[in-house]
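Structure first, commentary second.
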Amino acid sequence: MSAEQWAEVDAYLAEKLVDEDHALQAARESSGETLFPGIDVTPNMGAFLGMLVQITGAKRILEIGTLAGYSAIWMARAAGPDAHVVTCELEQANADVAQENIQRADLADRVQLILGAAADSMHALISQGAEPFDLVFIDADKKSNPDYLDAAVRLSRPGTVIVIDNTVRGGEVVDASSHDPDIIGTRRLIDMISANSRLTATALQTVGSKGWDGFTLVRVT
């Protein structure tokens, strides 16, 4: 199949199965106003994250990489009115767009946006003795994934679920000789998960409107 067919199938499935209202649609489309247009998750992935929140019963959620707030809205809604979503964003321009989308979705009371380097924000939460999170979604700069995973585990409890997006990298994750920082970071992430006896995990390849990629799903024990 071609990339065009993958995208066509994505669109078909989203139209049939994904309930994306005006607030979600506006948030997704507003990624064009951020510094990194179009890198937000697809509607299908947003719905998957929402279902994962509901399946796990997660109430305290940590997100690394806010962009326009699209995935944060999906997760905050799925977690219900007593949810607390902390989302970390490096860029002020992205945070401004996300904050507007979060307010439009009437979720300002559930979503706390922290501006700054995510690793620093996570270590601040650790230092403050933050209550463990039930679910962590990591979708930021891939070279820093090992640092994000380490901090995420420290902010977890037994049973916490960690989702790391974009870990297949168009198949390049298997290239041990790569000098690409994102590939190096992703391979280090996989090695860290494999070596940590507290973590059980799997990874799935995906194809769709964003091409060939995938995600890694981790459970803390």
key: Net charge, residue 202 excluded, C-beta distance under 15 Å - Lys, Arg +1, Asp, Glu -1   = 0
ask   = What percentage of the solvent-accessible surface of the chain, computed with a 1.4 Å probe over protein heavy atoms, is contributed by carbon and sulfur atoms?
value = 52 percent
ask   = Can you give the charge dipole size of the chain about its Cα centre, rounded to the nearest 20 debye, using +1 on the beta carbon of Lys and Arg and -1 on the beta carbon of Asp and Glu?
value = 880 debye
task = Show that you can apply the helix-only estimate: for the chain, add -39,500 (n - 2.57) for every DSSP H stretch of four or more residues, divide by all residues, and state [θ] at 222 nm to the nearest 500.
result = -13500 deg cm²/dmol
Cβ-based net charge around residue 18, under 12 Å, with every Lys or Arg adding one and every Asp or Glu removing one = -3
task = With springs connecting C-alpha atoms under 10 Å apart, model the chain as a Gaussian network and identify which of 124, 108, 68 has the largest mean-square fluctuation.
result = 124
inquiry  = So with the 1.4 Å probe, I'd like the accessible area per residue for the chain, rounded to whole Å².
reply    = 48 Å²
task = Just need the relative contact order of the range 1-149 here, percent rounded to a whole number, with Cα pairs under 8 Å and 6+ apart.
result = 24 percent
ask   = Which of the peptides 154-164, 88-98 is most tightly packed, and how do the rest follow, judged by the mean count of other Cβ atoms within 10 Å per residue?
value = 88-98, 154-164
note = Here the net charge surrounding residue 7, from other residues whose Cβ is less than 14 Å away from its Cβ (Lys, Arg +1; Asp, Glu -1), is -4
ask   = Can you list the lysines whose alpha carbon is less than 21 Å from that of residue 143, not counting same-chain residues fewer than 8 positions off?
value = 210
remark   = Most fluctuating of 70, 148, 12 in the GNM of the chain (C-alpha, under 10 Å) is 12
query = Which residue, 179, 84, 22, tops the fluctuation ranking in a GNM of the chain built on C-alpha contacts under 10 Å?
reply = 179
For the range 46-132: rounded, prolate or oblate by the Cα gyration tensor [a/c cutoff 1.5] = oblate
query = Relative contact order, percent, of the range 133-221 when contacts are C-alpha pairs under 8 Å separated by at least 6 residues?
reply = 37 percent
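The values are calculated or read from the model by the stated rules, or taken from the named source; none is laboratory data. Computed from a predicted model, the values in this text were never measured in an experiment. No Cβ is skipped: glycine too gets one built from the backbone with ideal geometry, and neighbour counts run over all protein chains shown. Surface accessibility is based on the protein's heavy atoms, side chains included, excluding ligands, DNA and RNA. Shrake-Rupley method; radii C 1.70, N 1.55, O 1.52, S 1.80 Å.
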